[in-house]
1. Which pairs in the list LYS111/LYS218; LYS52/LYS77; LYS59/LYS101 are over 20 Å apart, alpha-carbon to alpha-carbon?
2. Stretch SER45-THR205 to full length: gain in nm at 0.36 nm per residue minus the Cα-Cα span?
3. Under a straight-distance cross-link criterion of Cα-Cα below 14 Å, which aspartates and glutamates are reachable from LYS185, leaving out those fewer than 8 residues away in the same chain?
4. For PHE145, what accessible surface area do you get with a 1.4 Å probe? Give it in Å², rounded to 10.
5. Projected area of the chain, taken from the Cα convex hull and averaged over every viewing direction, in nm²?
6. Within a Cβ distance under 9 Å of PRO29, other residues only, what is the Lys/Arg minus Asp/Glu net charge?
7. Would you calculate the separation in nanometres between label points at SER13 and LYS127, each defined as 7 Å from the Cα along the Cα-to-beta-carbon direction?
8. Working with all protein chains in place, sort TYR53, TYR221 by solvent-accessible area computed with a 1.4 Å probe, largest first.
Amino acid sequence: MSTVPDGKKLVRSPSGLRMVPENGAFNSPFSLDEPQWVPDKECPSCMQCDKKYDFLTRKHHCRRCGRCFCDKCCSKKVALPRMCFVDPVRQCGECSLVSQKEMEFYDKQLKVLMGGGSFIVTLGTSKMSETMMCRLSNNHRYLFFDGESHFEVELSRISSMQVLTEESTPEGGNSRASGMLLHYKPTGSQDPQQLRMEAADDKKTASSWLAAMHKAAKLLYEARDR
């Protein structure tokens, strides 16, 4: 392995090269651990098409699920940023579709979240609100709130996120994200706190940020359940 200046290190695993934080505690909350591979002796045939392995039919492990497949059923190499792989890696058909869908989040939604949006923020049951810029930190671990005051919310300490919506036209029809209700535990405390965010002046940007945050929540909860 080799260390690089930005606090990450290049690690070679059986699945390929990975660029991971030097301190594993600082992994992105969206990241997934590499799966354990199904032992060769436990998969005499492809786990998709049941074709038996022989001298010509080789077995391959999917880097996302760890199951064993023939070349035909595990031929695609797809980017897998949730496991910090440097290059696209071999995945089975089912996993490759999931990874391809996630790439939209990494290519587009993360940029929206780190760009930030303007919100009217209310903490707990307080009647006092403050207009603040909210954005995701570069390491994906925190939500930064900046206004006359500043505070941070660690994503791993958020227990629930609820997107608030409003109808986008007076006549009804499609609804638009207008705010978000978060429940979290502040760093150093086990007492739950509520935070309410409502779109400020630039409602279009705020709505895009909230939609991206909704997608982030799905990945966040999936990573916790693994």
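1. Values: LYS111/LYS218 17 Å; LYS52/LYS77 22 Å; LYS59/LYS101 26 Å.
From the list (LYS111/LYS218; LYS52/LYS77; LYS59/LYS101), the Cα-Cα distance tops 20 Å for LYS52/LYS77; LYS59/LYS101.
2. Numbers: separation 160, 0.36 × 160 = 57.60 nm, distance 5.09 nm.
Between SER45 and THR205, full extension yields 52.5 nm more.
3. GLU152, GLU154
4. Answer for PHE145: close to 0 Å² accessible.
5. Computed as one quarter of the Cα hull surface, the answer is 16.6 nm².
6. On the way: positive: ARG141, ARG224; negative: GLU154.
Taking every other residue near PRO29 into account, the sum is +1.
7. That separation, rounded to one decimal, is 5.3 nm.
8. TYR221, TYR53
The values are calculated or read from the model by the stated rules, or taken from the named source; none is laboratory data. Values in this document were obtained by computation on a predicted structure and should not be read as measured data. Virtual Cβ from ideal backbone geometry, glycine too; neighbours counted across all protein chains shown. Quick note on the areas: whole protein, heavy atoms, side chains included, nothing else; ligands and nucleic acids left out. Shrake-Rupley method; radii C 1.70, N 1.55, O 1.52, S 1.80 Å.
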